[in-house]
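For reference, the structure discussed in these notes is given below.
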Amino acid sequence: MKLGFYPRLAASGLRKNRRLFVPYLLTCTGMTAMFYILLFLALSDTLQGLTGAVTIQSIFSLGSQIIALFAAIFLFYTHSFLMRRRKKEFGLYHVLGMGKRNLSLILLWETLITAALSLGLGLLLGIAFSKLAELGLIYVIRGEVSYRLSLPGVAVRRTVTVFLFIFALLLLNSIRQVRFSTALSLLRSENTGEKPPRGNWFLGLLGVIFLVRAYLLALLTKEPLAALGAFFGAVVLVILGTYLVMISLSVTLCRLLQKRKDYYYKPSHFVSVASMAYRMKRNGAGLASICVLATMVLVTVATCGCLYFGEESAIRQRYPRQIDIELHLGGPGDLSEDKNRALKEGIDSLLAGWGCRPENGYCLGYAACSGVLEGERVSLNRELFSADMASRCLFFFVPLADYNAQTGAGETLDEGEALLYCPRYRYEGESLTFENGPSLRIRKQLDCFPEMGDTSLNLISSMILVVPDVPAALGELADLADFSGDRLVSFTWLYNFDTGLDASGQVALYRQLQNTLTDPAQKQNLGYGTCTLSSRAHEWENFTGLYGSLFYLGILLSAVFLLAAVLIIYYKQVSEGYEDQARFAIMQKVGMTRREIKRSIRSQLLTVFYMPLALAALHLVFAFPIIRRLLLMFSVDNGSLFAAATGISLALFALLYTAVYVLTSNVYYHIVSGAREEAP
């Protein structure tokens, strides 16, 4: 054969199937461009000079890996539509004398053409928009803008390597399909429907069980660390349950509609329901894919939007005062009123020497330990902690005198009694008994408690116990150590205050305190071991970088997921349009008008088109509690903001989904009605 025969044949085949090939090419190009942009951000020299650069660039490196995995899965899915359309053409070539080797060469050249166009256009778009993406990210995280252009060779090489590998896998899969098919099966592939559906109640019930189990995980998981593990388990159950329910529900819905004689035997419903029933397994799987992608978009947008717009309230909740000082003490004897007063006066004298007068101050001493709560008993055996994270709890013992001084309350307690505050739930027991320690009767549960560092945002449960005297309440527990010699109970003095200074002044004061309080002479003078310092102004840039980069990555990933959902809908309508073309042509010959065709199409699409959106909204509602728990890991505890972000995301997505419905229904109509003839 002449040189160039196979390339021309491959190019001709792609051109004739441009209705399917062009969206596939755009998908490959978009995935390539997005992968390059995320790699560019992960390697950007400009971002390396920002506070928290390591975290920011790690986030985008992870995002590039997500895109690579998603691109591989999604390109296989979209390529299957193209192959389904091309198999008839390959079958014809095979009948005319071409062997499987010749067909493989055509597939090779088609893949090379697609890879060259995708990588060329994708890298061109990625390079063109990478700097714009960097400027957008810097604007979001409020960093310093740099207009210096760069072209990291590592990003280009890695992009080419990853997508060449994906195209190689696609080629091997295509060759496999052709080599293991007969000429007859290739010719009939496009017309091969599915057997009339049989309602599989077992699979449907199994899908419902999976979804109910996932919903219960989301509703019953209370702690952030437990929620992290439960979330991924729930995601797997939701995906499996969605596919099983969608497939079985679609079959059941069609059978129910066919049994309704007054509905089924109408021109606008008869053809649509019959054609849906004929290909229901694929139809249900496509609807499930749309539902899963829609859920991914909604969860990503709502969560990242809540993080970004709740950034200021999160950092203020995490750091209620401008400066936080924690001095770690030697033992229970340091939790006395005299020691408390001496430490406060010592810190205040340092601040006065620097011209700073503390405002809105808050100080107290406390003892802390961790244990596993089982009913009303607390085990301090650390070997149990990793095995039972859901029951693990932090216990803080606060002197009654400090509590009354900070709140102005006049509470009194007898020996062996305690006031209890639980930040996230209400304790149902009447007492707490510690292993090798005290047994405390709960006299009253408090509805609120003054800020004590980040207690309300701890990843595991917390209990604050106000006791008459901490050393007396702890007893022998104060001196117990674990197998490594570390004390089971730590003793801390906390002092939080505002400064009245601007942000730069707060950072300067923070650094002065850090230098002074870590000095051995100062430690000996005031009588403490180590210190932990935090400054709201100093941490602001870290929070902004983390939340801003997560928000930005969420936008990019949501755009990719949304594009995937739109393309699945488009391919679903186009492929089903070609399958239904002959049926509608027959109906037109027996008197069906184009108006009735439009009505039938509208009936078919509306019957099932909004099922994925409704189920995605249901998934989002039940995911709400567990995502709120996960947001605590980022110091965000704002239910109203998350609810608003969720509602807005759902409303905007529903509008976009409706627009896609209108556009794709027109494509389907043009195919089945013959209103737009295929170009030769």
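What follows is calculated from the coordinates using simple rules that are stated; it is not laboratory data. From a predicted model like this one, the values you see are computed outputs, not experimental measurements. Don't worry about glycine lacking a Cβ; one is built from the backbone with ideal geometry, like all the others, and counts go over all protein chains shown.
For the reader, a short list of remarks on this structure follows.
- Placing R0 at 45 angstrom, the Cβ-Cβ distance between Thr530 and Val212 gives a FRET efficiency of 0.35 after rounding to 0.05.
- Between Gln65 and Val236, the C-beta separation translates, for a Förster distance of 30 Å, into a calculated FRET efficiency of about 0.95.
- Order of Tyr366, Tyr36, Tyr24, Tyr6 - criterion: other Cβ atoms within 10 Å of each residue's Cβ, fewest first: Tyr6, Tyr24, Tyr366, Tyr36
- Prolate/oblate/rounded label for region 1-192 (Cα gyration tensor, a/c 1.5): prolate
- Cα shape, region 1-41, gyration tensor, a/c 1.5 rule: oblate
- Summing charges over neighbours of His538, with a neighbour being any other residue whose Cβ is under 11 Å away from its Cβ, gives -1 when K and R count +1 and D and E count -1.
- For region 546-574 versus region 3-27, the inter-centroid distance based on Cα atoms is 26 Å.
- Sequence-distant residues sharing a close amide H with Gly365 (under 5 Å, placed H): Leu494
- The HN-Hα couplings worked out from phi for region 26-41 by the Karplus form 6.51 cos²θ - 1.76 cosθ + 1.60 (θ = phi - 60°) are 5, 4, 4, 5, x, 5, 4, 4, 5, 4, 5, 4, 5, 5, 4, 5 Hz, whole numbers, x standing for Gly and Pro.
- Computed packing ranks the peptides 285-291, 327-333 as 285-291, 327-333, most packed first, by mean other Cβ atoms within 10 Å.
- Judged by the mean number of other Cβ atoms found within 10 Å, the most tightly packed of the peptides 151-157, 469-475, 38-44, 636-642 leads the ranking 38-44, 469-475, 636-642, 151-157.
- In Hz, Karplus ³J(HN,Hα) per residue of region 347-363 (6.51, -1.76, 1.60; θ = phi - 60°; x = Gly, Pro): 5, 4, 5, 5, 5, 5, x, 9, x, 10, 10, x, 10, 6, x, 8, 9
- Legend: ranking of residues Arg86, Arg19, Arg179 from fewest to most surrounding C-beta atoms inside 10 Å; resulting order Arg179, Arg19, Arg86.
- As a proxy for reagent exposure, ranking Leu632, Leu480, Leu343 by other Cβ atoms within 10 Å from fewest up yields Leu480, Leu632, Leu343.
- Based on alpha carbons, the Rg and Dmax found for region 623-668 are 15.8, 48 Å.
- The string of couplings for region 366-379 from the Karplus curve (6.51, -1.76, 1.60, θ = phi - 60°) is 7, 10, 9, 8, 10, x, 9, 8, 10, x, 10, 10, 10, 9 Hz, one whole number per residue in order, with x for Gly and Pro.
- Region 1-192 - percent relative contact order, Cα under 8 Å, separation 6 or more: 37 percent
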